[in-house]
Each structure stands twice: as structure tokens, then as C-alpha cells.
Amino acid sequence: MSASPPTKIKTYKNDIAPIGFLLDLFPNEVFEIPIFPIPLRIDKVSNGQATLFINLNRDQLNHKLSPLDLEFDLYIFYKFGLMNLIKYTKKKYNKITYRNLDKNNIINWFNKSKNIQTNIIDLEYDFTYIFAEFMVMYFKILNFNLNSNKKKQIELILRYFRKMKNYINERIKSNQIKIKVEDNIIIKKIYTERRNKYFPEIININIYEVEKDIFLKKKFTPFLIYEDLFETFSYNMKLLETKKDLIFKSLEILRNIGIFNKGSNINKNSISGINIEEIYEV
């Protein structure tokens, strides 16, 4: 007699499960708009529990990108990132449980996630850096009028993939992550190495719950996030040889939805202003 499917996906109450979003160049069946959640966690979403969103640092982006005459709309970036995460969660949840995901779980997850704050300095910096470097690569394609020169585009994109892969690799090798605790910056190890194997460290962190004005003790595992980022860029470098046409399609998609424009005046910036009910039905 076969076992009944689970009614929910296993999660850990004290895991704050940080999620960031990544501009990518390889759309697929689920992520037709290539903005990927990293890591691809669905447990908190499906169970209506809070996830810590890794927001991008607007000042850091402005400092890097203001000379390029490129404006960006983080509202659209976050909107499509959330749409992709919800779409993937609904599909995966149905596959595991043979049930449709309750809309209220999605709404509860999003509202609880908007209500928590903390400062994981390096995660915010790294996701912002990756976003900015993507924009720099895109600017070069625009600035040098390379739309008709696919070979040059591929060279620039490959250089971007390689640079990001090396950057994440160096972050892992440094074996440290900075978090802010009250007014102090604390440095934690992200793994312990024994016999040439990495054992991820579980980091304790204070999370501020805005509505209740209280601090909660939570945990997260930064090594797994950096591992996912490294594997994404490694995989993209391999795909580049066989999926070049998808890249040119992606550049058009990202331009058409308005995430970034040359000489525009777009300055929306927040994930908190998104109406989750409008994007639930994706």
C-alpha cells in the first residue's frame, strides 16, 4: 500500500531562510522572465512563514551606475522575481502534495516577510554587486552598439559570468560573513573545513519584527546561498555554448519589461509596495 502524499513541505521554525533575486540570461519553462530566486526555497512560502528578503542597496547601485546613464526599476525587478518564486512554489507544491497551494499561505508569507528586518551586510553587498555588474555588462552592449555583433556580446557575457564565478569563489574562500548586531559589525565563519570537506556553519542572528517591536533569534546558513550562486554561474558558463540564442532573447525581454533603460527616469525602489494578490494568479 503506497504512502499518502504529505500535506505540507518540511521546514524549520527558526530558519529565517534568506532569499535574493538574480538577473539571469537563460529563461526556462517556469522562469520565462529570467529573474531567479536564490536560493530556490519554497518551504517558507508554502507554509506561510516569513522569509528574509535580501534587498539591494540603492546607494551602492547609484554609486556604481549613475555614470552609465542607466536607470533601473527595482519594483519591476522584485515583482517578477516574486512572480517566479510563487509560480515555482505552486508547481512544486502540487507535485509533492497533489494539492493546490492555498492563496492565504502566499499572502501570509509575504506579509510576514515584509514585517521583518535585519542587516546581513555581506549578503546585501554581494547581491547588489552582482546586479550592478550585470547592468555594467548590459551598458557595454548598448553603448558600443553591439546588437548586431553577437560574437562581441557573447564575449562580454562570458566575461561577466567568469567574473561573478570568481567573485563568489573568493567570497567562499574568505570563509567569513559580516552581520550587524545593534551598532556592532560581527564577523562569522561560513564553514568549518575538515579533511578537505566543507561543513556549513549555522549562523545565529537577531531579526526585528516591526509590528510587534520585538527581536527574534533566528538562524541561517550562508554557505548554502553562496554555493547556489557559484553553481548558477558555473552552469551558465556551460550553457553558453549551446544556448546562445536564449541570451539574445533574454536581453530583449529584460529591456521590454522596463527593469533598466538608457536615459530614462525610473526610480521606484521597494519590494514592500508590491500587491501580492495581484501577482498570485501567475
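The values are calculated or read from the model by the stated rules, or taken from the named source; none is laboratory data. Keep in mind the model is a prediction, meaning the values are calculated, not measured. Glycine gets a Cβ as well: all are built from the backbone with ideal geometry, and neighbour counts include every protein chain shown.
Pick out the one residue from Thr89, Thr118 that is hydroxyl-bearing (Ser, Thr, Tyr), modelled with pLDDT of 95 or more and crowded, with 17+ Cβ neighbours inside 10 Å.
Thr89
For (1) more than 18 Å from Asn14 (Cβ to Cβ); (2) free of Cβ contacts under 8 Å to residues at least 60 places away in the same chain; (3) touching a helix residue (DSSP H, G or I) at 6+ places or on another chain (Cβ under 6 Å); (4) among the basic types (Lys, Arg), each residue gets a yes or a no:
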| position | (1), (2), (3), (4) |
| --- | --- |
| Ile185 | yes, no, no, no |
| Arg194 | yes, yes, no, yes |
| Glu201 | no, yes, no, no |
| Tyr208 | no, no, no, no |
| Asp213 | yes, yes, no, no |
| Ile225 | no, no, no, no |
| Phe230 | yes, no, yes, no |
| Phe233 | yes, no, yes, no |
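Of all residues in the range 118-173, which are free of Cβ contacts under 8 Å to residues at least 40 places away in the same chain, within 14 Å of Asp24 (Cβ to Cβ) and not aromatic (Phe, Trp, Tyr)?
The answer is Glu133, Met137.
Being closer than 18 Å to Glu124 by Cα, in contact with a Ser or Thr (Cβ under 7 Å, 6 or more places away or on another chain) and of a type in the set (A, V, I, L, M) is true for just one of Ile207, Ile225. Which residue is that?
Ile207
In the range 231-252, how many residues are within 18 Å of the chain's Cα centre (by Cα) and either over 19 Å from Arg159 (Cβ atoms) or among the acidic types (Asp, Glu) (or both)?
1
Which condition from (1) out of contact with any strand residue (DSSP E or B) (no Cβ under 8 Å at 6 or more places or on another chain); (2) under 22 Å from Asn169 (Cα atoms) is the one that Ile190 breaks?
(1)
Name the residue, out of Leu22, Leu61, that is surrounded by fewer than 21 Cβ atoms within 10 Å (Cβ to Cβ), in contact with a Ser or Thr (Cβ under 8 Å, 6 or more places away or on another chain), under 17 Å from Pro222 (Cα atoms) and not charged (D, E, K, R).
Exactly one residue qualifies, and that residue is Leu22.
Could you please tell me which pairs satisfy a Cβ distance under 6 Å, a separation of 6+ or placement on different chains, a first residue in the range 1-30 that is part of a loop (DSSP other than H, G, I, E, B) and modelled with pLDDT under 85, and a second residue that is aromatic (Phe, Trp, Tyr) and surrounded by fewer than 20 Cβ atoms within 10 Å (Cβ to Cβ)?
Close Cβ pairs satisfying both conditions: Pro5/Tyr98.
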